[in-house]
Amino acid sequence: MIRIVIAEDQGMLLGAMKSLLSLEEDMDVVGLAKNGEEAIKLVTELQPDICIMDIEMPVKTGLDAAELLREQECKIIILTTFARPGYFERARKAGVRGYLLKDSPIEELVHAIRTIMDGRKIYAPELVDFVYEDDSENPLTERESQVLELVAEGKTTKEIAAELYLSAGTVRNYISTILDKLGVSNRIEAIARFKEKGWNK
């Protein structure tokens, strides 16, 4: 029997997943969590085979929880609405065995659970494309790179606007575009990715 913990902050989805997975003869949902912290507690206490986790959850995100559970035997599957390369990269580094999108049919999740139990990994095809894309070239324009370098220096939106003779709104738009292009969720991740790729040289 495959013992499963599900972590999802949307109650209806949590209940639906539990009901659907419980219909499988070889699966038993042993715990339900509404945030990343509860997921860590349940996995540590119950030692399940699989933990299915959403990313965007209160207290601790699914990625935070996955990083903290890395040393556990439990295999983590991220189930999310976000096909973002930044999230996917972080999940892979945390040793996540599966990364699926929420619009996948339940059969796909069931298949992924069994495949992962066989020692393999399952990633949504949309995400694998991100990994194999040639991203060695800086996707940012010269001005966007300039804005990000000033962000990295710790300057505020207002200070950047003054230095580049732009309005604060324009700077905010630039930052939003930068996050989208780099596939990250905040300025700190954007700076880290920019430096990691060596684009700040």
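On a 0 to 90 degree scale, rounded to 10, what angle separates helix 142-152 from the longest Cα axis of the chain? For helix 142-152, the angle is close to 70 degrees.
Using a simple spin-label model with pseudo-atoms 7 Å out from Cα toward Cβ, LYS93 and GLN72 lie 2.1 nm apart. Between the residues THR61, PRO85, SER22, the greatest Cα displacement towards the positive end of the dipole of segment 22-114, with unit charges on the Cβ of Lys, Arg, Asp and Glu, is found for PRO85. Near the amide H of CYS74, within less than 5 Å, lie no amide hydrogens of residues on another chain or at least 5 residues away, with H placed in the peptide plane. Using θ = phi - 60° in the Karplus curve 6.51 cos²θ - 1.76 cosθ + 1.60, the 3J(HN,Hα) couplings for segment 186-194 round to 8, 5, 4, 5, 5, 4, 4, 5, 4 Hz; x is entered for Gly and Pro.
Phi angles across segment 32-45 convert, under the Karplus curve 6.51 cos²θ - 1.76 cosθ + 1.60 with θ = phi - 60°, into 3J(HN,Hα) values of 10, 10, 9, 7, x, 5, 4, 4, 4, 4, 5, 5, 5, 6 Hz, Gly and Pro given as x.
What full-extension length gain, to one decimal in nm, is calculated for GLU159 and LEU13 as 0.36 nm per residue of separation minus the Cα-Cα distance?
Values: separation 146, 0.36 × 146 = 52.56 nm, distance 4.37 nm.
Taking 0.36 nm per residue and subtracting the Cα distance, the gain is 48.2 nm.
What residues of segment 23-56 lie in the reach of a label at MET117, counting those whose backbone N is under 15 Å from a point 7 Å from the Cα along Cα→Cβ? Counting only backbone N, you get 23-31, 48-52.
Roughly speaking, to the nearest percent, how much of the chain's 1.4 Å accessible area is carbon and sulfur?
Numbers: 5330 of 10750 Å².
Using a 1.4 Å probe with all protein chains present, the chain comes out at 50 percent carbon and sulfur.
Distances between placed amide hydrogens fall under 5 Å for ILE2 paired with MET27, ASP28, all partners being 5 or more residues away or on another chain.
What number, rounded to the nearest 500 deg cm²/dmol, is the helix-based mean residue ellipticity at 222 nm of the chain, given -39500 (n - 2.57) per DSSP H run of at least four residues and division by all its residues? Could you put the intermediate results ahead of the total?
Details: 10 runs with 103 residues, N = 201.
Helix-only estimate at 222 nm: -15000 deg cm²/dmol.
In the elastic network of the chain, a GNM with C-alpha springs shorter than 10 Å, the most mobile of ASP49, ASP103, ASP180 is ASP103.
Extension gain for SER176 to LEU20 (0.36 nm times residue separation, less C-alpha to C-alpha distance): 52.4 nm. In the assembled protein chains, GLU73 presents an accessible area of approximately 150 Å² (probe radius 1.4 Å). In this structure, the amide hydrogen of LYS60, modeled 1.01 Å from its nitrogen in the peptide plane, lies closer than 5 angstrom to those of GLY36, GLU37, counting only residues at least 5 positions away or on a different chain. Ignoring lysines fewer than eight residues from LYS195 along the same chain, the ones with Cα atoms less than 30 angstrom from its Cα are LYS60, LYS93, LYS121, LYS155, LYS158, LYS181. Diffusion of segment 49-187 by Stokes-Einstein, at 25 °C in a medium of 0.890 mPa s and with Rh set to the Kirkwood radius over alpha-carbon pairs, works out to 145 µm²/s.
Excluding ligands, DNA and RNA, the accessible surface per residue across the chain is 53 Å² with a 1.4 Å probe. Sequentially through segment 23-28, phi angles give Karplus couplings (6.51, -1.76, 1.60; θ = phi - 60°) of 6, 6, 4, 9, 10, 9 Hz, Gly and Pro residues having no value and appearing as x.
The values are calculated or read from the model by the stated rules, or taken from the named source; none is laboratory data. As the structure is a computational prediction, the values presented were derived from the model and not from experiment. FYI the Cβ positions are ideal-geometry reconstructions off the backbone, even for glycines, and counts take in every protein chain you see. Surface accessibility is based on the protein's heavy atoms, side chains included, excluding ligands, DNA and RNA. Shrake-Rupley method; radii C 1.70, N 1.55, O 1.52, S 1.80 Å.
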